[in-house]
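Below you'll find the structure, written out as structure tokens, and then a few comments.
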Amino acid sequence: MPMPAEDIVALIKAGIPDAQVEMEDLAGDNDHWKAVVTSESFRGKLRVAQHQMVYAALGDRMGGELHALALETRVPAG
């Protein structure tokens, strides 16, 4: 069963409270997503560590309910 964007955003924000999350449905099927996650908590961390933070927030849903996620992480400008 596909995972709705709102659920993905809620999980990410629960794990990274200051996150701003933009979702894009890549295939129009609510099952293949791109998430752009912006958070001050990413500052000074390597990209792999930033992605690990997001995956930790998604927990066991990644690879199960949520199997297709393109991920981009950013630090806020300024």
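The values are calculated or read from the model by the stated rules, or taken from the named source; none is laboratory data. Everything numeric here is computed off the predicted structure, so don't read it as measured data. We place every Cβ from the backbone using ideal geometry, glycine too, and count neighbours over all the protein chains shown.
Among residues of the stretch 40-54 being surrounded by 15 or more Cβ atoms within 10 Å (Cβ to Cβ) and hydrophobic (A, V, I, L, M, F, W, C), the one that is nearest to LEU66 (Cα to Cα) is VAL54.
Could you grab me the full set of residues in the stretch 16-38 that are outside any strand (DSSP E or B) and at pLDDT below 95? Those that are outside any strand (DSSP E or B) and at pLDDT below 95: LEU26, ALA27, GLY28, ASP29, ASN30, ASP31, HIS32. Looking across the stretch 1-39, just one residue is closer than 14 Å to ARG74 by Cβ and surrounded by fewer than 13 Cβ atoms within 10 Å (Cβ to Cβ), and that is ASP18.
Checked against (1) surrounded by 17 or more Cβ atoms within 10 Å (Cβ to Cβ); (2) in contact with a strand residue (DSSP E or B) (Cβ under 6 Å, 6 or more places away or on another chain), MET62 meets all criteria but (2). Among the residues of the stretch 58-70, just one is in contact (Cβ under 8 Å) with a residue 24 or more places away in the chain and either in contact with a helix residue (DSSP H, G or I) (Cβ under 6 Å, 6 or more places away or on another chain) or under 9 Å from THR38 (Cβ atoms) (or both), namely LEU58.
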